[in-house]
Structure formats: structure tokens, C-alpha cells
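Everything below concerns the one structure shown next.
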Amino acid sequence: MTTLVVTKRMAEHPADSHTITRYQATGGYQQAKRALGMTRDELVEEVKASGLLGRGGAAFSAGLKWSFLAPERPSYLVVNADESEPGTFKDRQLLERDPHQLIEGLIITAIANEAHHAFIYVRGEYSKPARRVQKAVDEAYAAGFLGTGIFGSDFDLDVVVHLGAGAYICGEETALINSLEGLRGEPRLKPPYFPAAKGLYMKPTIVNNVETLSNLPHILALGSAGYTALSSSADTGTFMMSLSGHVRKPGNYEVPHGITWRELIFDIGGGMRRDRALKTWIPGGASAPWFVPEKHLDLEITKDATAEAGSMLGSGAVIVMDEDTCVVRAAERIVRFFAHESCGQCTPCREGTSWLEMILRRIDEGRGRAVDLDLMLDLGDGISIGLEWPPRMTTICPLGPSAVSPILALRDYFRSEVSRHLEAGGCPFPGGHIAGEEEEEEE
Amino acid sequence: MSVWSEPTRQRATEIIGRYPKRRSAVMPLLYLAMAEEGRLSEEGMREVAEWCGITPAQVQAVASFYTMYKTEPVGRYLVSCCTSISCMLLGADEVLGAIEDQAGVPDGETDKEGHLSVEHVECLGACGGAVAVQVNYELIEGVTPDRARALVDWLRNARPDVVNGDEMQELFGTRRSFEWAIHEEDGAVGPYPAFQPLGTVGR
Ligand SMILES: Cc1cc2nc3c(=O)[nH]c(=O)nc-3n(C[C@H](O)[C@H](O)[C@H](O)COP(=O)(O)O)c2cc1C
Ligand code: SF4
Ligand code: FES
């Protein structure tokens, strides 16, 4: 079965995997100490060779990103713990259950990028995860692993846990940087504002996701060769997937790359609730184009296979919907999210997402018109020129184009369901699940 | 001329000291202002502006960008029900409806006594434990309409001083996104997150 990496400690020591005592008793902080004896080049090369891809959604090589760090100093490190993409809850588990693993990854990254100041940006609603991380940071300071002269070396490293305040867009790295500077969390234009060149306070800045950093102690411990050997596919290491919706066993699963969607949903996820048929699933968080069983069930879960099929693995969030689901309402809920979270800087995103939401709502409520699907595709084309995936990007950030993904699903797979709404003068579905006490007993 | 108490002022100094530039402290100081007064007031925002060396209008612009800085009055217990996709698939609209009914408070509003506020929110990062509900940002997972009604009654009658997530999970929750073996003592004392940087929490 699967080799667990980032969730191993919490699986084996559920009662105290979050404490510094347990962390050190299971080999913790050895790699951070070792990293102090390595050069920036050695660390960057090792991480590049490991093939580690960022786990925040864009799947960009971590080692390559580090190699782009501009020479100007000071440099900063920012940990992206803003996890807010609907369907995604893996970082919360890593924050609550193994915060020292993250801190060790942070220390390694700070050493590699010569940063003496790091920020962990935790979304505002994660008050408990933030408390757990702050406690772990306090423990690490008390042990001399953070602060002045870490591990008795001459390397200083300060860490601030920074709480967001309820804005999904702050997960986008340049918006996050603006937010940290005490500004509104609006994305910056790239170029020129690539964080590795002009980031926090216009200084070179590395932004990495929680899961990305949590892998680093293991990469150093196993060596890049040992780490790449964990996976038989082109994508190295393991991948945390958050499974939700109509599966029997929702949850976070650390899986090897290269299993199929069928295995994920029907074996790991326990299959469909109440034995209903699978209608569709979203493979990589609310932003991703949808998959359907007729075409995609036996595809491998890898970056390339998913991209070839026109979607992305994104944040690793898989949202499963059964045959009773009204896809119009599901689309409305996702578009509503993006309309609400649009920062408003780009007109097509600000206006287009609100229009899409309004049209989907009127179809759902039986006030739809025959032209509505075409109208939505037109609006979508205004936000994401050519309706391509990955999007051509005429907006400042990818949030706007993400809102179009559910519309593409309606166009490609569910035209007839839109028509049925128009014919029936409302939603033809009986009403979805209500997870109730009666089902708890069934389980 | 500061309106803040001495401990709060000390904390503000400490927080600012941790950032390379004082303006970066605006978000934690806004939370500090909420914790000091139990709400975010004009006065509080002016105070934050002074500490961060920016204008009150700049603080206002930041505060209004984020949903968790409530410039309107909020009840002692802020009940937030996730109605994003994964929770919607498992009955979130019905759970929100049950909360509104039992509390007699529609989505987005506060009762006359200033006791309960009800809001729908976007994904809380607890989608494996749908339906997710938070009270003062302390999480309960696997909430059903019946359990949501019981939660509202409990907040009305028991009026806990400290809202503790583990306790509420036991009383009103079912399935979680992942297991949690540790019982936490900390909890929220008002409608803002029970977290202050540098190691102090809500109580
Ligand atoms: C709208 C939007 C929201 C994002 N939200 C998050 C997030 O919550 N967490 C995250 O790690 N990355 C998020 N990202 C990706 C970040 O911009 C960035 O790519 C990532 O933090 C880099 O870290 P990684 O390379 O380790 O993945 C988001 C991107 C966009 C466009
Ligand atoms: S695409 Fe939308 S969220 Fe992104 S910068 Fe433009 S308006 Fe803001
Ligand atoms: S969709 Fe409700 S917690 Fe994520």
C-alpha cells in the first residue's frame, strides 16, 4: 500500500504528533540542522532533483522557483496557509496535526533562500490551526530552533504567524503579499511583480504552500533519489487529496501519484453514498474543469494526464457528485463563490462573475431563457478569452477564468439538464441529500 | 490619548516590533481592537491608524476589504454556516434554514438582544465534515438540521463564556474531516478569532 510521508507521524502517533517532544523523538529537526551545513546551491539542486512540485495549486517546481530568487537582500519567506479553495482541507490537517514538520520545512527553505524573516499566513477562519502553529512556533523558539542563532549557529530566523481575515483572493501569492504589507489584498501584475524578484516590500520573496514545505524534511532525509523513488509516475512524492461530496468516506488521503480516479473514488473513498451512480466530479478544487465517468474514470491522477484531459489537479480537492445532484445548482454555488471573492480590479471578472451567478440562479429558479447557455458562454468568453484551459489570462489573476469552469461543464456534458430546467420551469431534481441522523445509523 | 488598556498597548507594541514595517501590523491590530472593545468601532480603527502610521481612511479601506472585520454590530455569538459546494451537496441550505428558523434571525442579521448573529459563509476548509458551522470561528463538523437547532437553543440557554470547538463538536457535530485526538482548552470569547499572535489566545 501507500507509503505515507507527510501524514505518517499523525497516523502513527495520533495523540501527540503535534508536540515538539514527539516530533524530535521521531527524527524531527535533524534535517534543519543538517541544512545549516549546506550551501544555497546544494539545497536548491537537491530540491530541484527531487521533482517537488508546489502543492498550492499551480504545481510549479519548488527548486526552480527558489533558483529564481533575485540576489538583492533581505529576502523573505512566506508560507501560504490561506487554504480557501472550496473542497480543500488538507493544509488544515498538516497545520493542526504536524505543525513542527511545517516549521522544519520552513527553516530549510529559509536557509536555502537566505531569509531571516518568515511569515506564516493562516486564513482568518482557521483560529484553531493558527493556535496550534503558534504553540509550535513558541516551542521551537524555546528550544533554540528559531530566533537568534538557530541550533547554536550564526543564522537568525524569526517567524510571525499572521492571521488573514476572510478573503479567498489573499491565497493568490501577490495578493497575499499586499495583505501582509497592510494593504487591501488585491493581486499585483506579473510581470513585473514576480515575488522571487519583487515581493514583500519589493524584496525577493519565496511563497510556498504548507504541504510543499512539509515535504522538505523528507526530501533531505531520503535524498532526492529516495524521494523520487516513492512514486512510479512522472510526478514525484505523494500527493494529499481532499475528498468530499457524495462519497462514503470523505477525508484527506495521502496517495501516490498515478493511481486512477476510479481507485480514488471507489476504493479509497469507499464508493458512492447510498449506492447512487457517479455523475461528475471536480478533480482539483472549485477552479478546475469538471470530469465525467464516461471519459475520465480510468485516467491516472498525474499533473500531465489531468492537463491533457483539459483540467488540473490544482489544490488536490476532489468534489464528487452523484446522479441526484442538480448540476445547475452546483455550478451556481461555485460561480457564486468566485463572484463573492472577486477583488474587483478587472472589469470582466467583477462584472462577468456576477452576471453568471444571476443567470444560473434564474435557471435554477425556473426563470431561465433559451438563450441563457449561449449568453453564459459569451460572458465566459469575455472573462477567459477563447474559453481555453489553461486560460489565456487577460485578467490580472486566474480567479476570473476559474469561474468559467462550471459553465464549460454545462456546455460539454450537461446541456440537456439546462434544457430540462427550462422545460420544467424549475429544478427537475428531487432535492439533494440532507445528511441526517438516519444515515449516520446506516453507516 | 490612547483609548486602549495598558496590556493591549503593550501587545500592540510587541506586534508592531515583529514586522519589518509598522503598516504590516494593521491586520493583527484590527483584531486586537476587536478583542479590546468586543467589536470594531470607528474609535478602534482610528487607534489602529495611529499605531500603524497611516490614515483612518486607509485603515477603513483595509477593514472593508475583509469579511471578518465586522464594522456593523455583531451578536455575542456569530453563527456562520458554510453553504459552499461540498456542504451544499450534503444539505447546507437546509442547515442554514434550520439555524435561521430556530434563532428567528435571517441570514446576515442579528437578534434584538445582540445575542446571536447568523450568516452564510463560503468554504471553511472542513468539506470532508460537511456540513460545517462555526460559532465565533470555532468549528463544528457534520452538522445536521436537527443538531443545528439544538446548537441555537444551547447558545440561547447555556450562554457559554468561552466557546470551545471540541465541546461543541461533541454536542452538536458528527463526522469530521479528520480525527482529532487532543482536547483543547482554548476557545473564543467574542465574535472574532481566538488567536492573537505571539502566543496569547482568547482566554
Ligand atoms: C485565486 C487564487 C487563490 C489561491 N489560493 C491559494 C491558497 O489558498 N493556498 C496556496 O497555497 N496557494 C494558493 N494559490 C496559489 C498561490 O498563488 C501560489 O502559487 C502558491 O502559494 C505557491 O506555493 P507552491 O508553489 O508551494 O504551491 C492561489 C492562487 C490563486 C490564483
Ligand atoms: S481576475 Fe478577479 S480576482 Fe483576479 S485580480 Fe482581476 S478582479 Fe481581482
Ligand atoms: S464547502 Fe463547506 S467547508 Fe468546504
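The values are calculated or read from the model by the stated rules, or taken from the named source; none is laboratory data. Because the structure is predicted, anything quoted here is derived from the model rather than measured. Cβ atoms come from the backbone with ideal geometry, glycine included; neighbour counts cover every protein chain shown. In case anyone asks, the SASA skips ligands and DNA or RNA and just uses the protein heavy atoms, side chains included. Shrake-Rupley method; radii C 1.70, N 1.55, O 1.52, S 1.80 Å.
Counting only strands (runs of 3 or more DSSP E) that sit completely within segment A:106-216, those holding 1 or more residues that are more than 30 Å from B:L124 (Cβ to Cβ) and more than 9 Å from chain B (Cβ to nearest Cβ) correspond to A:115-122. Residues in segment A:263-299 that are hydrophobic (A, V, I, L, M, F, W, C), free of Cβ contacts under 8 Å to residues at least 60 places away in the same chain and either outside the structural domain of A:N252 (by TED's automatic domain parsing) or open to solvent by less than 20 Å² (accessible area, probe 1.4 Å) (or both): 6 in all.
Restricting attention to segment B:141-165, the residues that are out of contact with any helix residue (DSSP H, G or I) (no Cβ under 9 Å at 6 or more places or on another chain) and of a type in the set (D, E, K, R) add up to 2. Checking A:G185, A:G164 one by one, the residue that is within 30 Å of B:V48 (Cβ to Cβ), touching a strand residue (DSSP E or B) at 6+ places or on another chain (Cβ under 8 Å) and either at pLDDT 95 or above or open to solvent by less than 30 Å² (accessible area, probe 1.4 Å) (or both) is A:G164 and no other. Would you confirm whether any residue within segment A:322-340 is away from chain B (no Cβ under 14 Å) and closer than 27 Å to B:L124 by Cβ? No, there is no match, as no residue in segment A:322-340 is away from chain B (no Cβ under 14 Å) and closer than 27 Å to B:L124 by Cβ. Can you spot a residue in segment A:178-197 that is in contact with a Gly (Cβ under 6 Å, 6 or more places away or on another chain) and either more than 14 Å from ligand 1 (Cβ to nearest atom) or touching a residue at least 12 places away in the same chain (Cβ under 8 Å) (or both)? Yes, the conditions are met somewhere in segment A:178-197. No other residue among B:V48, B:V95, B:V74 is buried (at least 17 other Cβ atoms within 10 Å of the Cβ), within 22 Å of the chain's Cα centre (by Cα) and more than 26 Å from A:A339 (Cα to Cα) apart from B:V48.
Checked against (1) open to solvent by 10 Å² or more (accessible area, probe 1.4 Å); (2) more than 10 Å from ligand 3 (Cβ to nearest atom); (3) in contact (Cβ under 8 Å) with a residue 24 or more places away in the chain; (4) out of contact with any Pro (no Cβ under 6 Å at 6 or more places or on another chain), B:G108 meets all criteria but (3). Restricting A:A317, A:A305 to those that are among the aliphatic types (A, V, I, L, M) and surrounded by fewer than 21 Cβ atoms within 10 Å (Cβ to Cβ) reduces the list to A:A305. Among the residues of segment A:63-94, those that are in a loop (DSSP other than H, G, I, E, B), away from chain B (no Cβ under 14 Å) and open to solvent by 30 Å² or more (accessible area, probe 1.4 Å) comprise A:F68, A:P71, A:E72. Scan segment A:9-62 for residues that are open to solvent by less than 50 Å² (accessible area, probe 1.4 Å) and free of Cβ contacts under 8 Å to residues at least 12 places away in the same chain and report the count. Here the count works out to 1.
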